[in-house]
Amino acid sequence: MKLKLKIIYLEWIDAKSTYGWHPISELSKEPFLVVTAGLLVCEDAEFITVSTSYAPNADWADPITIPKRCITKRKTLMVLK
C-alpha cells in the first residue's frame with residue numbers, strides 16, 4: 001500500500017525547565033515556542049504525531065507526539081503522492 005505523505009509545519013508551546021536553584025526573579029514566565037516541521041504520521045482529536053523520516057518498510061524515525069491544545073499554528077506544506 002502506497003502512503004500519501006504530508007509534510008506539515010507546526011508552532012506549539014512546550015514546557016520548559018532548568019536545573020538547580022534559582023531566585024524567582026530569574027525564572028522566565030514567557031511561553032517556550034517550538035517550531036516543528038515533518039511528516040504527518042497520525043492524528044486524532046487530542047494528539048498529532050510528526051516524524052523526520054519514513055522508510056518503505058513502514059518504520060518512522062524520530063517521531064514526536066504533540067498535544068493539539070499546545071499547537072498555535074499549523075500549515076500543510078506539501079502532499080507527496
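Computed from the coordinates by the stated procedures, all read-outs in this text should not be read as laboratory data. In this text the structure is predicted, and so the values were computed from the model without any measurement. Because the Cβ atoms are built from the backbone with ideal geometry, glycine has one as well, and the counts that use them run over all protein chains shown.
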task = Can you pull the one-decimal nm distance between simple spin-label points at A58 and L33, each 7 Å off the Cα toward Cβ?
result = 3.9 nm
ask   = Given a cut-off of under 8 Å on Cα pairs at least six residues apart, what relative contact order in percent is computed for the chain?
value = 42 percent
inquiry  = Would any residue of the stretch 1-40 have its amide N under 11 Å from a label point 7 Å out along Cα→Cβ of T72? List them or say none.
reply    = 11-14, 30-35
key: Cα-based Lys pair tally, the chain, threshold under 24 Å, eight or more apart or on separate chains   = 15
ask   = Measuring from label point to label point, each 7 Å out along Cα→Cβ, what is the W21 to L80 span in nm?
value = 5.1 nm
note = When the charge dipole of the chain is computed with +1 at the Cβ of Lys and Arg and -1 at the Cβ of Asp and Glu, the Cα pointing farthest to the positive end, of T49, T72, I7, is that of I7
query = Sorted from fewest to most neighbouring beta carbons within 10 Å, what does the list D62, D14 look like?
reply = D62, D14
